[in-house]
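Structure first, commentary second.
Derivation of every value follows stated rules applied to the coordinates shown; laboratory data play no part. No experiment lies behind these values; they were computed from the predicted model shown. Note that each Cβ is placed from the backbone with ideal geometry, even for glycine, and that neighbours are counted across all protein chains shown.
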Amino acid sequence: MARIRPKLALWKFASCDGCQLSLLDCEDELLTVAGEVEIAYFLEATRATVEGPYDLSLVEGSVTTPHDAMRIQEIRKKSRLLMTIGACATSGGIQALRNFADVREYAAIVYARPDYIQTLATSTAIAEHVKVDFELRGCPISTRQLVEVISAFLAGRKPQTPPHSVCVECKIAGNLCVMVGHGTPCLGPVTHAGCGALCPSYNRGCYGCYGPMETPNAPSLSAWLSKLGMDDDALKRVYRTFNANADAFRKESERHEG
Amino acid sequence: MKVRTIKVDQLARVEGEGALRVVARDGVVQSAELNIFEPPRFFEAFLRDRMFTEAPDITARICGICPVAYQMSAVHAMENALGVVVDGPLRELRRLIYCGEWIESHTLHVYMLHAPDFLGYEGAIEMARDHADIVRRGLDLKKVGNSIIALLGGREIHPINVRVGGFYRTPRKRELQPLAEDLKRARDQALATVRWTAGFDFPDVDRDYEFVALRGDGEYPFSDGRIASNRGLDISAVEYDEHFEESQVEHSTALHAHLKARGPYLTGPLARYALNSASLSPLAREAAQEAGLERVCANPFRSIIIRAVEVLYACDEALRIIDEYEEPERPAIEIEPRASTGFAATEAPRGMLYHRYQLNADGKIADARIVPPTSQNQPSIEEDLKTFATAWLDLPDEALRHRCEQTIRNHDPCISCATHFLRLEIDRGG
């Protein structure tokens with residue numbers, strides 16, 4: 001008798017496609033995963049679609065249009081488990097920079113006819129709209145962590161994605177601290193682990209693409225960063241990138257608004 | 001009057017979200033519209049007031065498939081603004097990381113997105129049930145491209161090691177050596193890919209395109225060269241705005257680019273090959289010849305062979321760079337900002353990518369303009385549909401719809417990039 005495989009769906013909202021591409025980037029695991037789950041909706045990879053309900057929905061991207069705000073409700077209704085993948089889905093992404101500006105001005109800068117453009121004033125995380133069962137961080141997510149999340153789902157266990165800071169990953173990697181060693185500003189102390197301390201391993205400071213760790217002390221880090229010569233505007237900008245709308249980063253950036 | 005409408009509401013196997021609407025009246029296609037409904041993200045707006053050093057990391061996020069192209073156009077435009085030329089081993093390393101992106105992105109498109117159309121599958125995973133060895137070869141080849149980007153850039157998607165002036169850290173010669181072994185295997189796989197794709201059934205169609213691409217000075221272009229066309233265009237990136245214009249259409253959140261007073265043009269593999277085939281490596285040139293490619297190919301369905309040839313070239317070029325590599329004295333040139341304007345065009349896998357930045361004296365961006373390949377190709381894609389679909393109107397709806405989707409996929413559109421893209425609707429009347 002044929003085994004019933006769980007149905008996997010992949011949904012895209014406002015994003016660069018990089019996180020769903022991460023699944024196609026699991027070159028060694030892709031065909032194995034495709035054997036274990038039924039890929040029921042993954043338009044980037046296949047025209048064939050299967051009707052819901054779905055056992056696992058992976059959601060990439062943020063909500064930026066009235067239509068998408070309705071679409072996520074429909075997706076939630078037909079998904080047993082819903083996980084967000086990446087900074088856009090988890091915090092609103094780089095496009096959440098509009099949350100600090102006037103989106104009509106933004107549209108007028110890019111488009112001659114901004115009135116043709118349907119968009120919301122904000123870019124928001126999926127969890128601000130529906131219940132999310134698990135959030136995978138990163139801009140982009142790590143393929144290693146993605147395989148872990150899918151394996152955990154298949155085994156019926158919780159995914160192992162440590163919530164500590166990038167600093168811990170630097171210690172594990174045996175890196176020299178770029179801040180102490182070279183005076184290079186680094187967001188590692190407040191940033192969620194997962195990348196394996198990539199930037200410090202390449203002699204640059206972490207720029208926070210995994211978003212805030214659990215209980216970060218951003219004001220303390222900012223005090224150290226200003227001793228390294230960063231002014232308020234630089235501090236505001238450093239927290240306002242790919243996770244600008246994540247609570248801890250948003251508040252800290254607002255503290256340095258002129 | 002007999003009217004027939006064919007719609008595709010969500011185009012699959014393209015990067016991003018788009019749809020297509022084709023309207024036929026009395027057996028003739030009247031219009032073909034590629035609707036891009038990817039939500040706009042306003043990159044040019046929020047780049048304002050960021051430092052010039054931040055552009056490579058920010059613009060990478062426009063596209064998860066070709067972030068290296070965005071980083072390369074950004075760093076070259078900034079260096080153009082600030083009067084710096086990055087040469088020697090640093091330039092070679094930039095070519096090497098671009099080789100990685102061409103191998104990764106082209107192989108993804110050839111094996112996972114485009115080949116299933118020719119072999120009658122819904123996608124690569126379905127194709128793998130009958131052709132597991134072929135799909136594994138594709139995945140293996142793609143992985144080698146990704147490992148170049150991961151080694152030089154830190155990771156495959158949104159690399160962290162590219163900066164204005166060079167890199168944060170440059171590799172030791174011995175770090176590159178293991179890549180050479182993988183690349184020798186990849187080169188054989190790429191050659192097998194050229195032969196495999198050359199055996200597909202192609203519709204016998206041609207279009208009279210104006211091909212626009214960088215023309216390298218004796219080398220196949222990544223980031224350097226003049227912007228040239230097969231109809232006499234020969235300009236530097238600085239002159240781009242004088243010759244090209246963008247307009248907005250109601251059915252798309254992507255702007256459409258045209259050559260002023262001339263109209264649609266095509267960028268990408270067909271254009272690069274038409275203007276640069278003589279500069280391919282001997283192995284890639286021979287493979288192209290063996291695959292039956294003339295010096296210019298105007299059949300967009302055969303673009304899959306040219307992508308395979310470019311993957312072969314990228315493997316060869318990467319091997320050359322690794323072999324000749326000498327470690328640079330420092331990883332980057334330090335650059336001081338000043339009030340200035342900079343321009344650059346580089347060759348993303350799917351076509352030319354233009355960036356222009358205006359900088360203030362303190363190095364902050366006053367104005368940014370980005371013209372992605374799909375904005376440039378969208379009018380030509382619509383022309384392809386108008387030209388080809390009339391001959392296909394006898395096909396039943398599902399077959400016609402599939403043919404139209406394939407016509408779009410020929411150009412590997414990157415919709416996330418262009419928004420700043422697909423549903424298919426065919427209106428046949430009656």
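A few points about this structure:
- Note on A:Asn217 and B:Asp234: with the Förster distance fixed at 51 Å, the Cβ-Cβ geometry gives a FRET efficiency of about 0.35.
- Take each residue in A:109-115, count the other chain C-beta atoms within 10 Å of its C-beta, and the mean is 6.
- Computed FRET value (nearest 0.05) for A:Ala234 with B:Arg207, which takes r as the C-beta separation and R₀ as 45 Å: 0.35
- Membrane-span-like helices in chain A, defined purely by DSSP H runs whose alpha carbon atoms cover 15 Å or more axially and whose average Kyte-Doolittle hydropathy reaches 0.5, are A:143-155.
- Were the residues from B:Thr5 through B:Asp87 laid out at 0.36 nm apart, the gain over their Cα-Cα distance would be 24.1 nm.
- Three-way shape label, the protein assembly as shown, alpha-carbon gyration tensor, a/c 1.5: rounded
- Taking the Cα centre of segment A:145-258 as reference, the dipole from Cβ charges on Lys and Arg (+1) and Asp and Glu (-1) amounts to some 180 debye.
- Spin-label pair B:Thr53/B:Thr390, simplified geometry with 7 Å Cα→Cβ offset, distance in nm: 5.8 nm
- The mean number of Cβ atoms from other chains found within 10 Å of a Cβ in peptide B:147-154 is 2, as a whole number.
- 3J(HN,Hα) along segment B:356-365: 9, 10, 10, 10, 7, 4, 7, x, 7, 7 Hz, from the Karplus curve 6.51 cos²θ - 1.76 cosθ + 1.60 with θ = phi - 60°, whole Hz, x for Gly and Pro.
- DSSP beta bridges fully contained in the protein assembly as shown are about 70 percent antiparallel.
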